[in-house]
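Have a look at the structure below, then the notes.
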Amino acid sequence: MDAVTTFGQNLLGPVWLPVWTLVKIVCILVPLILGVAYLTFIERKVIGYMQVRIGPNRVGPAGLLQPFADVLKLLLKEVIVPTGANKYLFFIAPVLSIAPAVAAWAVIPFAPQAVLANVNAGLLYLLAMTSIGVYGVILAGWASNSKYAFLGALRSAAQIVSYEIAMGFALVGVLMAANSLNLTDIVRGQEGGILHWYAWPLLPLFVVYVVAGIAETNRHPFDVAEGESEIVAGFHVEYSGVAFAVFFLAEYMNMFLIAALAATMFMGGWSAPFPFLNNVAGGLLGDGFLWLAIKLSFVIFIFLWVRATFPRYRYDQIMRLGWKVFIPVTLVWIVFIGAMMQTRFAWLFH
Amino acid sequence: MAEIRNYTINFGPQHPAAHGVLRLVLELDGEVIERADPHVGLLHRATEKLAETRTWIQSVPYMDRLDYVSMMCNEHAYCMAIERLLGLEVPLRAQYIRTMFDEITRIMNHLMWLGAHSLDIGGMTTFLYCFREREDLFDMYEAVSGARMHAAYYRPGGVYRDLPERMPQYRAQHTRNEATLRDMNSNREGSLLDFIDDFTRRFPGYVDDYETLLTDNRIWKQRTVGIGVVTPERALALGFTGPMLRGSGIAWDLRRKQPYEVYDKMQFDIPIGVNGDCYDRYLVRVEEMRQSNRIVKQCVDWLRQNPGPVITDNHKVAPPHREAMKSNMEELIHHFKLFTEGIHVPPGEAYAAVEQPKGEFGVYAISDGANKPYRIKLRTPDYVHLSALDEMSRGHMIADVVAIIGTQDIVFGSIDR
């Protein structure tokens, strides 16, 4: 790695840094987008098997080319702008919703050294980025000039704002446990096996975080923003073709992000659940990237499982759950760990 | 200051939860329903008028297409009306077959309802589970009548033909290997009755599966308890029948109150609700599926023991045997008259109602003695239930309207006729 850096610096001088960053961005984005593509496939397969059917199996061997067929279809479709829609906002909206979902990946550590931006305020950056996503939804609903889309946007805005708070509080717990906002440090704080994960001392926060994450990404059973049987498709009801694909991509990208964050902050990130496994995985695939992927897949599987099992909440019930259950729970637990950290049980919470 | 107006939204006719072509004009205050105005007529096919231009028997298939998820029950009411006009006795075996298929239809309808209702509320898995079982029921329809949905199996005076001795089996295909094929055909080795018997054994377990997913689920309860409450008095005043009425706590069931066919010989319970909300109606219908299963079982046991004719031997109503027709002058004349003119029904009027899965389905027939009805009036339960939608959904939210449409078990084929 060092050799590459020195070679590049000799070759390009000061231009090397942006070029090298771009290369890293591509290295993160390409697998990510491929991952999203296959997440849609795996989702259909997993839910299919849960629902006594087999899911897509026609395109390519065992249906493995299905995501590409979907992408191709969406690319070839016409993007229809509804009459009376605000054309500029209509197209800015999907961009606004995908950009933060992608940008947030800058601070996710894939391995001890593999992070695009090792910033100290990583957690704050993440909170900031994920909350920008809601603007895309609001703009989409507003610009579509459709009543259903508008209702969906209103629901979604209220929901995301409420769950952001619970999520933020859950992260405050992590911050207290790790004494750092830097995600790499947070993972380092959990090194040494499954017993050191923050998921145990912060169990209520972990649960709240995962549930709030489902709500944050507008996934079932909190998908009132696009509640199919109520407001048809909610905020993106008027979108078609590529514009729709971008929203779709953003939703799945956010799912990945929430899962990656859950893995990073509560489940020890790249480190192995048992220390002696660190080298096994390291030998196979980078510095523990494999473990991050496994943990991430586990959280995503829970997302899919929940989707196949539960009916959908009503909009006001979601708000009630957010404000009357999650926020109090997180607050109480933060105060509790804060108090415990002053006692001699402090070691339990670090 | 800007004037504050209510938000008026067009819910349907192209809406995933509109159950067909319901156009619902909703007036909203935020998300709260101020007024729900159902518009019907988008699927109107003039069935009643068409029946006036067809012979009596030609209208039987139209009845399938009214409530297209409880086909045979519709036929049943129509055939019963004709039988009342004719003063015709139906052979006992035919009565048992009708009872059995009415209950199979009830299970079929309730499975469809449960699937759609839970899908509306967001539980996708139940929908697919229900359709798995519906498939078996469709196979029973197919085995007995040749058609999976629009059976046209009942006839004035009985049923079209006796139950088949052999259950049709799946055939080999390149996508199925030997073991799969054997597995798929394992319960189809015997007669139709064996297959139905096997189904009645399996079915309670399936219902348990649905209940595991829904009955005690917190979200399901939050979405249905206290939603669309109808008091017993209002339910009677609004003309509710079937599970909608029983959900409100009134034990009214035509199978008990005015027994037709062999329901008076059957052992079954009539579940009733307490609060009259969506959850109670859900529980009532789920229990009805279990009770229907019981009835089907009893019919199967009887039908195994008692062979016999399945259609009346009055050849002015039912066609004679083919061999008899070929060898016997009188039968030939009957055959000719029946297939050219159809049935002649004496002048008069009659009303026949059955406890269709959705409620009381009635046929009011007037005959002037010709081979066609003078007038047919159909009384469908969903039409009555839909008219209460406004009352049931006022003050609820949009998501609850979806639950209420689901709980009413609406099918537009029978609302618009």
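The values are calculated or read from the model by the stated rules, or taken from the named source; none is laboratory data. As the structure is a computational prediction, the values presented were derived from the model and not from experiment. When we count neighbours, we look across all protein chains shown, and the Cβ atoms used for this are built from the backbone with ideal geometry, even at glycine. In case anyone asks, the SASA skips ligands and DNA or RNA and just uses the protein heavy atoms, side chains included. Shrake-Rupley method; radii C 1.70, N 1.55, O 1.52, S 1.80 Å.
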task: Give me the pairs, please: first residue somewhere in the stretch B:198-224 and within 9 Å of chain A (Cβ to nearest Cβ), second residue anywhere and β-branched (Val, Ile, Thr), beta-carbon distance under 6 Å, and either six or more positions apart or on two chains.
output: B:Leu213/B:Thr126; B:Arg223/B:Ile121
query: Hey, among the residues in the stretch A:30-58 that are more than 17 Å from the chain's Cα centre (by Cα) and assigned to a helix (DSSP H, G or I), which one's farthest from the other protein chains (Cβ to nearest Cβ)?
result: A:Phe41
- request: Mind listing whichever residues of the stretch B:223-242 are among the small types (Gly, Ala, Ser) and either over 25 Å from B:Arg255 (Cα atoms) or more than 24 Å from the chain's Cα centre (by Cα) (or both)?
  value: B:Gly226, B:Gly228
- request: Starting from residues that are of a type in the set (Val, Ile, Thr) and within 14 Å of chain B (Cβ to nearest Cβ), keep the ones in the stretch A:185-241 and report whichever is nearest to the chain's Cα centre (by Cα).
  value: A:Ile214
task: Take the stretch B:311-334 and flag every residue that is closer than 17 Å to B:Arg161 by Cα, in a helix (DSSP H, G or I) and open to solvent by 40 Å² or more (accessible area, probe 1.4 Å).
output: B:Arg322, B:Glu323
message: For the list (1) closer than 23 Å to B:Ala237 by Cα; (2) crowded, with 21+ Cβ neighbours inside 10 Å; (3) within 14 Å of another protein chain (Cβ to nearest Cβ), I need the number of the one condition that B:Ser414 fails.
response: (3)
- prompt: Taking the stated definitions as given, is B:Ile107 within 22 Å of B:Glu349 (Cα to Cα), open to solvent by less than 50 Å² (accessible area, probe 1.4 Å) and outside any loop (DSSP other than H, G, I, E, B)?
  reply: no
query: Just for the stretch A:83-95: of the residues that are surrounded by fewer than 21 Cβ atoms within 10 Å (Cβ to Cβ) and in contact with a Phe, Trp or Tyr (Cβ under 8 Å, 6 or more places away or on another chain), which one is farthest from A:Leu249 (Cα to Cα)?
result: A:Asn86
- line: Of B:Asp368, B:Asp400, B:Asp390, the only residue that is without any contact (Cβ under 8 Å) to a residue 40 or more places away in the chain and either open to solvent by 30 Å² or more (accessible area, probe 1.4 Å) or within 14 Å of another protein chain (Cβ to nearest Cβ) (or both) is B:Asp368
- prompt: From the list B:Pro320, B:Pro347, B:Pro357, which one is within 27 Å of the chain's Cα centre (by Cα) and either free of Cβ contacts under 8 Å to residues at least 60 places away in the same chain or closer than 30 Å to B:Phe199 by Cα (or both)?
  reply: B:Pro357
message: Condition first: aromatic (Phe, Trp, Tyr), open to solvent by less than 50 Å² (accessible area, probe 1.4 Å), touching a residue at least 12 places away in the same chain (Cβ under 8 Å) and part of a loop (DSSP other than H, G, I, E, B). Can you find one or more residues in the stretch A:98-115 that meet it?
response: yes
